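Just so you know, all these numbers are worked out from the coordinates, no wet-lab data involved. Please read these numbers as outputs of a predicted model, since none were measured by experiment. Methodologically, a virtual Cβ is constructed for each residue, glycine included, from the backbone with ideal geometry; neighbour enumeration extends over all protein chains shown.
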Amino acid sequence: MRAVEVQIHNFRSIHDAKIRLEPLSLIAGANNAGKSNVIDAIRMFYGDLKWDDGRDKPKVAASDAEAWVEVEFKPTDDELTQLKDDYKSAKGTFRVRNYVSPSTGSDGKVRSGYYAYEGGNLSDNLFYGAKNVGSGKVGHIVYIPAVSKIDDNTKLTGPSALRELVAEVLNKVVADSPAYKQLTEAFGAFEGSIKTQTSTDGQSLESLEKEVTDEITSWEASFSLAVQSIQPEEILKTLIKPQLIDETHGGEIDQARFGAGFQRHLIYTLIKLAAKHANPPRVAAGEKKEFTPQLTWILFEEPEAFLHPSQEEVLHDSLLKLVQDGTTQVLLTTHSSRFVSRSMDDLTRLIRLRRDAGVTTSCQLTQSQLDQLFADALVADDSILPHGTSAADVNKAAMMASLKTELWMQSTRTTAFFSQRVILVEGPSETAIYSYLTTRGLMEPPVRGLAVIDCMGKYNIHRFVAILSAFGIDHSVLYDGDNGGAHDTEVTQAISDTRSTFTKRVTRFANDLETELGITPLPRNESSRKPQYALYNLESGLIGQARIDALKQEFVDLATAL
């Protein structure tokens, strides 16, 4: 089973959000957009968090006082046969709502706990008839916070990922272990001898039994001290000691002495294996008597924390493999452009949050919406062709498939998903100049969270506008008019047709960037040198201050336009 959709109502900054879920889903967004609120809402659905008015009640007034989280699940075919018919939807799913804060319905009854959908409508009946029963039929979650202590995940004396993992394996092992059988037999012999063993002062456990029995015999009762065989729980708690061995120097090493990246990876490894071992092989439908779906849902906050950039990509791919078992699901929040760039081949698993006036909303694409977005881009390409290329020479489908990957695979561009504002420019010259001005202190960044992104030519700008708009990312556009040449009319029309309410400003230089800076343009066959050429002129003082100030003001206007 897996979760396919979560809906959140009146929880912190989220008034209403409906989020579609994939086996692996990523939540991105600028700081304070509400990413952790989504994770905590799901934790509250599972009872991992308790409602607190001061923390969880929306600060911005909502339309009603109800607070609930609703999840739609899709069982496997076998699991579906065991699901109560009343709960089944036409698409083979079921939906459950948990009132995370007690709510009074129109009938005056207080609702709290899991409520079922029956026949497509929310029922007045608790899911499977009782609060505690329903909570056991929606799988379980494993929460990994952005910052956690390794000791909390490796202790064996209390709840931890390592304890859960070792207990799962140990219980399976001792069931068929000849050595454990011998141990229990030895404890039986030990009981017979230890109870009669006498101390130097003449006392024994057997004599203690008799003394207590003599005192209570009038109550027709007797007293005995049984020496039980050691149980797996006791082996786990007192006899097993986790150790980390330093393979370089040999011997045990304190786990806290390892770097934060290693500790973070170890925590993930333990939780991944615990999820694997907690999900036993599926049982055939005919062998099960009741609805017992298998789902381990890992909620992972900032998995990239403390990891080397190359390790981020390894972890992302490891998570993709983890969810292929069909019983494990991952929802993660991230600030990593590398994590997002690894999802560019499947934009449907990316969720972007934005926050306006204190309220969080979500943006994501279905597969049909994604197909339409790229189909519209292909239509625009009919009238925008590179120099020297005729319509007959262009394989548009192949070109689009190539650009679809090229445009978004680089992490420098996926920073857009974490930005408050994006300025889309034609190429590296504009990004180089903006970086030069800001890093040398010649201008302050106009707003926090600004990204200037190179679109690899103005023929691609409309694609970026379309995708940023689809994910609710505020952006502006800067491009060259080339004196009306280079398909300027068609490019301008494509940008105009694609722009949305998230497109805040479009600036078209009448000629080009070099003309705006008052420098002689390079020959077309040397266009690859444009970024260095522009920076050389800046560094050498060959550009007048008035022109520099005008360009700086244009960057400010693009970044701050409402």
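Numbers below:
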{"read-out": "Shape category assigned to the range 289-367 from the gyration tensor of Cα positions, a/c cut at 1.5", "value": "oblate"}
{"read-out": "Distance from the range 22-56 to the range 338-355 (C-alpha centre basis), Å", "value": "17"}
{"read-out": "Loop sites in the range 226-255: GluC sites (Glu not before Pro), DSSP, at most 13 other Cβ within 10 Å", "value": "Glu247"}
{"read-out": "Candidates per GluC sites (Glu not before Pro) in the range 180-228, loop by DSSP, up to 10 other Cβ within 10 Å", "value": "Glu220"}
{"read-out": "Efficiency of FRET from Cβ geometry, Ala546 and Phe262, R₀ 45 Å, rounded to 0.05", "value": "0.25"}
{"read-out": "Amide H contacts of Ile230 (H built 1.01 Å from N, under 5 Å, at least 5 apart or other chain)", "value": "none"}
{"read-out": "The range 1-144: C-alpha gyration tensor shape, a/c 1.5 cut-off, then a/b vs b/c", "value": "oblate"}
{"read-out": "Stretch gain in nm, segment Gln553-Val314, where the contour uses 0.36 nm per residue and the Cα spacing is subtracted", "value": "81.8 nm"}
{"read-out": "Of Lys57/Lys91; Lys50/Lys237; Lys155/Lys210; Lys57/Lys109; Lys109/Lys137; Lys137/Lys181, those spanning more than 31 Å from alpha-carbon to alpha-carbon", "value": "Lys57/Lys91; Lys155/Lys210; Lys137/Lys181"}
{"read-out": "Calculated P(r) tail over 28 Å for the range 405-562, as whole % of Cα pairs", "value": "16"}
{"read-out": "Whole-Å distance, taken between Cα centres, linking the range 219-256 and the range 405-478", "value": "57"}
{"read-out": "Along principal axes, Cα extents of the range 12-69, largest first, whole Å", "value": "32, 26, 19"}
{"read-out": "Normalised contact order of the range 441-562, rounded percent, pairs of Cα under 8 Å and 6 or more residues apart", "value": "30"}
{"read-out": "For Ile298, residues with placed amide H under 5 Å, excluding near neighbours", "value": "Val142, Gln329, Val330, Leu331"}
{"read-out": "Label point distance in nm, Thr412-Lys241, each placed 7 Å from Cα along Cα→Cβ", "value": "5.3"}
{"read-out": "Long-range HN-HN contacts of Ser123 with modeled amide H, under 5 Å", "value": "Ala116, Tyr117, Glu118"}
{"read-out": "Gain in span if fully extended, Thr248 to Lys18, counting 0.36 nm per residue against the direct Cα distance", "value": "77.8 nm"}
{"read-out": "Rg to Rh quotient for the range 451-515, alpha carbon positions, Kirkwood Rh", "value": "0.95"}
